[in-house]
1. About the Cα centre of the stretch 5-49, how large is the charge dipole given +1 on each Lys and Arg Cβ and -1 on each Asp and Glu Cβ? Please answer in debye to the nearest 20.
2. For residue 231, which lysines qualify as cross-link partners when the Cα separation must be under 27 Å and same-chain residues fewer than eight apart are set aside?
3. Enter the Cα centre distance for the pair the stretch 170-236 and the stretch 110-130, rounded to the nearest angstrom.
4. When only alpha-carbon atoms are used, what values of Rg and Dmax, in angstrom, describe the chain?
5. Against the longest alpha carbon principal axis of the chain, how many degrees, from 0 to 90 and to the nearest 10, is the axis of helix 81-92 turned?
6. Taking 0.36 nm per intervening residue step and subtracting the Cα-Cα distance, what contour gain separates residue 254 from residue 165 on full extension?
7. For the stretch 121-246, with the dipole built from +1 on Lys and Arg beta-carbon atoms and -1 on Asp and Glu ones, taken about the Cα centre, which of 155, 206, 242 lies farthest toward the positive end?
8. Just want to confirm a number: the relative contact order over the chain, from Cα pairs under 8 angstrom separated by 6+ residues, in percent.
Amino acid sequence: MRILLTGKNGQLGRCFQDVLKDTNHELFAYGSAELNIADASLVTAVVQQVKPDIIVNAAAYTAVDKAETDSENAYLVNAKGPELLARQAANLDIPFIHVSTDYVFDGAAVQPYSPTDPINPQGVYGASKLAGEINLAAACEKHIILRTAWVFSEYGNNFVKTMVRLAKERDALSVVADQYGCPTYAGDLAQAILKICEQHEQGKALAWGLYHYCGDTPTSWHGFARAIFAKSYELGVISSCPQLKAISSDQYPTPAKRPEYSVMSTQALASFGIQAPSWSISLALVLSKLTG
Ligand SMILES: NC(=O)c1ccc[n+]([C@@H]2O[C@H](COP(=O)([O-])OP(=O)(O)OC[C@H]3O[C@@H](n4cnc5c(N)ncnc54)[C@H](OP(=O)(O)O)[C@@H]3O)[C@@H](O)[C@H]2O)c1
């Protein structure tokens, strides 16, 4: 299968390249320097040149706080880019696989969000990702959107790497304890995307549409930090665990408001034979990769 991947330098992009190494698929991977997904003529030229069997979009504007004052660029990458890629996929009559976010929700729920629950993004990033979902679905019927959350990996910048760095620098840390979500390893998400690609290749009729994919056990950022410190200490990544203080979101103001509760139900993914992965198992894997 010829797979066109955008956003090859990001967490998901790099993990997707890793999982493809063990396969016979032909991967055509692009970073923003080679393929700006908001550039219509470039997107057309690359897709026509590659003639892929499937397009996977791992590119996104992910700077949640910066987006509040840079909304034009956030919308170009998160709303226009997916639409342009989806139009090309529709022209070739091939599937378009895209990744979105839990930040399309306002966080007022008390039980896990399902894909059909009302959306109400609280910031520019979430609104721009939601616009991308709507645009691409209108442009290409054969689409799969996977909303994910709290992504971590051995690559790039993420909460796990930040916590490990801070644990080496400080004796005590304060972490927000009133926002709940599901940590997700980018490598698990990459495996799930590959599985969907391969089901299409095998001729399985895929149920196009919107799904949720995230780690199995909801936690708070504080709970996630505690797990990171415990596992890092166990694996010898850090020599001692810093004192961990629980604080409220009010005590850690950010330019973009985050949902208090963005736990998502992954039940619908059963139709692909995919289950929510264990983020604690993947956390141990990532920490061991970080130590080499
Ligand atoms: N990170 C999270 O916690 C999180 C949570 C929920 C959902 N998501 C979603 O999950 C997906 C993967 O996120 P991630 O963490 O892997 O993101 P990431 O590490 O920030 O990578 C995003 C990549 O997008 C590329 N990009 C930015 N603007 C571009 C443009 N105009 N054209 C082409 N490429 C462009 C960048 O490429 P270059 O490096 O080449 O410049 C970057 O490597 C995204 O859709 C994101 O919205 C992420």
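The values are calculated or read from the model by the stated rules, or taken from the named source; none is laboratory data. Computed from a predicted model, the values in this text were never measured in an experiment. Here the Cβ is made from the backbone with ideal geometry for all residues, glycine too, and neighbour counts use every protein chain on show. Just so you know, the surface numbers come from the protein's heavy atoms only, side chains and all, with ligands and any DNA or RNA stripped out. Shrake-Rupley method; radii C 1.70, N 1.55, O 1.52, S 1.80 Å.
1. On the way: 3 positive and 5 negative charges, 17 e Å.
Charge dipole, the stretch 5-49, about its Cα centre: 80 debye, nearest 20.
2. The reachable lysines, counting only those whose Cα sits under 27 Å from residue 231, are 161, 168, 245, 289.
3. When both Cα centres are located, 18 Å separates them.
4. Cα-based Rg and Dmax for the chain come out at 18.7, 56 Å.
5. Roughly 30 degrees, rounded to the nearest 10.
6. So the chain would gain 30.0 nm between residue 254 and residue 165.
7. Of the candidates, 242 comes out farthest on the positive side.
8. Contact order relative to length: 21 percent.
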